[in-house]
1. Evaluate the stretch 64-84: report whether one residue or more is over 18 Å from the mean Cα position of the chain (by Cα) and within 20 Å of residue 1 (Cβ to Cβ).
2. Looking for something surrounded by 18 or more Cβ atoms within 10 Å (Cβ to Cβ), over 25 Å from residue 15 (Cβ atoms), under 14 Å from the mean Cα position of the chain (by Cα) and not assigned by TED's automatic domain parsing to the domain that holds residue 36 - is there at least one such residue anywhere in the stretch 187-201?
3. Name the single residue, out of those in the stretch 36-64 being in a helix (DSSP H, G or I) and either in contact (Cβ under 8 Å) with a residue 60 or more places away in the chain or in contact with a helix residue (DSSP H, G or I) (Cβ under 7 Å, 6 or more places away or on another chain) (or both), that is surrounded by the most Cβ atoms within 10 Å (Cβ to Cβ).
4. Given the options 33, 7, name the one that is in the same structural domain as residue 114 (by TED's automatic domain parsing), modelled with pLDDT under 95 and surrounded by fewer than 21 Cβ atoms within 10 Å (Cβ to Cβ).
5. Identify the single condition in (1) in contact with a helix residue (DSSP H, G or I) (Cβ under 8 Å, 6 or more places away or on another chain); (2) crowded, with 23+ Cβ neighbours inside 10 Å that residue 230 does not satisfy, given that it satisfies every other one.
6. Could you grab me the full set of residues in the stretch 261-280 that are in contact with a strand residue (DSSP E or B) (Cβ under 9 Å, 6 or more places away or on another chain) and either buried (at least 23 other Cβ atoms within 10 Å of the Cβ) or under 16 Å from residue 164 (Cβ atoms) (or both)?
7. Inside the stretch 73-96, can you point out the residues that are in contact with a helix residue (DSSP H, G or I) (Cβ under 9 Å, 6 or more places away or on another chain) and in a loop (DSSP other than H, G, I, E, B)?
8. Say we look at the stretch 330-340 and pick out the residues that are free of Cβ contacts under 8 Å to residues at least 60 places away in the same chain and surrounded by fewer than 21 Cβ atoms within 10 Å (Cβ to Cβ); which of these is farthest from residue 35 (Cα to Cα)?
């Protein structure tokens, strides 16, 4: 296993991880340790190239810096990616090799599950390094963070709706959900319980069929989700999906979902604002998962109280950001970034 530093002007540390003996190629990026050790999930995807994987880990790790700060956590931002299909190329040997790369960073980076990973996979990593969270078993095990992530997104959707319409009530709302993985699925359960009607899409056809059956959802093709007539669009899959091609297609009043880095560029946040589409900044909306994981990293005994308090504070932060954006006639994304940077400066000064 070879860990090679990658030069960067934007991140504190970046490493290329390679172990041909187990088919491993990936990256670890530490964007900031200003508030504490960098924390962020491990993602495995069949990226088309090394360049695409590197771009993703850089964007995701920066997003984790903002997400952790927005959630009021004493953690910095980091992320890791493995190039490969988790359904066919993920092996215990590959995971153990990557875990040894994480261990070589001496606690400057903690990982947990993300796309293509599970609590069972984290248990394999934990055989090689203690710098792993999201475990199913153990004294401070936090388990799958997806249900808590979904709760935070659900809160953000209601808060955004109240800001836009004056009411949090989702009964009768048409909500388009892109992505039916762990987070998207738990979100659909919460939305259905709240009386919303669902329009869904996913690259996994079997998951779409299941959603149609269980949620009485309407299924659409993956590229058709942007143009559906709905009240709210909830992206819960990959990032960069709000861009110059998709934004003109949107027929919704609100975008609030769980995907990381939903905006392809900061200009796309301004484009949503100009189109009078209210955007709930993703790194605030989807902070529930890392709040849950933080209880394990920081060995917090009263996990339930900690999570509840942080989720409530996160929701208040979202409301404040949306209100400030309205008063200043700015994109909520721009306001969220400036708010978080100010909060980081305050915490560092203190």
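1. Looking through the stretch 64-84, at least one residue is over 18 Å from the mean Cα position of the chain (by Cα) and within 20 Å of residue 1 (Cβ to Cβ).
2. Quick first cut of the stretch 187-201, residues surrounded by 18 or more Cβ atoms within 10 Å (Cβ to Cβ) only: 187-188, 190-192, 196-201.
Imposing the further condition that a residue be over 25 Å from residue 15 (Cβ atoms) reduces the set to 187-188, 190-192, 196-201.
Pick out the ones that are also under 14 Å from the mean Cα position of the chain (by Cα) and you get 187.
Next, from what is left, pick out any that are not assigned by TED's automatic domain parsing to the domain that holds residue 36: 187.
Yes: one or more hits.
3. Our first condition is that a residue be in a helix (DSSP H, G or I); within the stretch 36-64, this holds for 50-64.
Within this subset, residues satisfying the condition of being either in contact (Cβ under 8 Å) with a residue 60 or more places away in the chain or in contact with a helix residue (DSSP H, G or I) (Cβ under 7 Å, 6 or more places away or on another chain) (or both) are 56, 59-60, 63-64.
Details: 56: 23, 59: 18, 60: 25, 63: 21, 64: 27.
Per the criteria, the residue is 64.
4. Details: 33 fails: modelled with pLDDT under 95.
Going through 33, 7 in turn, just one is in the same structural domain as residue 114 (by TED's automatic domain parsing), modelled with pLDDT under 95 and surrounded by fewer than 21 Cβ atoms within 10 Å (Cβ to Cβ): 7.
5. With respect to (1) in contact with a helix residue (DSSP H, G or I) (Cβ under 8 Å, 6 or more places away or on another chain); (2) crowded, with 23+ Cβ neighbours inside 10 Å, residue 230 is out only on (1).
6. Answer for the stretch 261-280, where residues must be in contact with a strand residue (DSSP E or B) (Cβ under 9 Å, 6 or more places away or on another chain) and either buried (at least 23 other Cβ atoms within 10 Å of the Cβ) or under 16 Å from residue 164 (Cβ atoms) (or both): 262, 263, 269, 272, 273, 277, 278, 279, 280.
7. Taking the stretch 73-96 first, the residues in contact with a helix residue (DSSP H, G or I) (Cβ under 9 Å, 6 or more places away or on another chain) are 73-84, 86, 90-96.
73, 74, 75, 84, 86, 90, 91, listed by residue number.
8. Narrowing the stretch 330-340 to residues free of Cβ contacts under 8 Å to residues at least 60 places away in the same chain: 330, 335, 338.
From the residues that got through so far, the ones that are surrounded by fewer than 21 Cβ atoms within 10 Å (Cβ to Cβ) too are 330, 338.
Details: 330: 27, 338: 16 Å.
Out of the qualifying residues, it is 330.
The values are calculated or read from the model by the stated rules, or taken from the named source; none is laboratory data. Note that the coordinates shown come from a computational prediction; the quantities given were computed from them, not determined experimentally. Note that we place each Cβ from the backbone using ideal geometry, even for glycine, and neighbour counts take in every protein chain shown.
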